[in-house]
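A.B. asks: Before I ask anything, here is the structure I am working with.
The values are calculated or read from the model by the stated rules, or taken from the named source; none is laboratory data. Because the structure is a prediction, the values reported are computed rather than measured. Reconstructed Cβ throughout: ideal geometry from the backbone, glycine too, with neighbour counts over all protein chains shown.
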Amino acid sequence: MENESNYDLYTRLSPRCWSEALVAKAAENELKYRAIHGDGEARMLLELHQLEPAKKPLFGHAVHSRAEKMRSYKFIYTLHLKFGH
């Protein structure tokens, strides 16, 4: 990761799966290291990443809140077993 450009590291900050999340954490650590040691571009890219909304959730589907809660129905099933006759 030390040999990659700041922009390449920035593009890896948005993971889409578990293995990419590991690479994203390493890229974030490298950008933080560069920002601490005086790299202004790395600092700017980290701040830009914090301001961006998440493109897509990592796991599952996004749940959208609804203004009105849908009416729910509960069905109760009973099972009658007849032994014998």
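A.B. asks: In the range 24-58, what residues are surrounded by fewer than 12 Cβ atoms within 10 Å (Cβ to Cβ) and either of a type in the set (Ser, Thr, Tyr) or in a loop (DSSP other than H, G, I, E, B) (or both)?
C.D. replies: Answer for the range 24-58, where residues must be surrounded by fewer than 12 Cβ atoms within 10 Å (Cβ to Cβ) and either of a type in the set (Ser, Thr, Tyr) or in a loop (DSSP other than H, G, I, E, B) (or both): 37, 38, 52, 53, 54, 55, 56, 57.
A.B. asks: Considering only the range 5-23, state which residues are surrounded by 13 or more Cβ atoms within 10 Å (Cβ to Cβ) and either part of a loop (DSSP other than H, G, I, E, B) or touching a residue at least 40 places away in the same chain (Cβ under 8 Å) (or both).
C.D. replies: 12, 13, 14, 15
A.B. asks: Answer with yes or no whether residue 49 is within 20 Å of residue 3 (Cβ to Cβ) and at pLDDT 65 or above.
C.D. replies: Numbers: within 20 Å of residue 3 (Cβ to Cβ): no; at pLDDT 65 or above: yes.
Criteria not met by residue 49.
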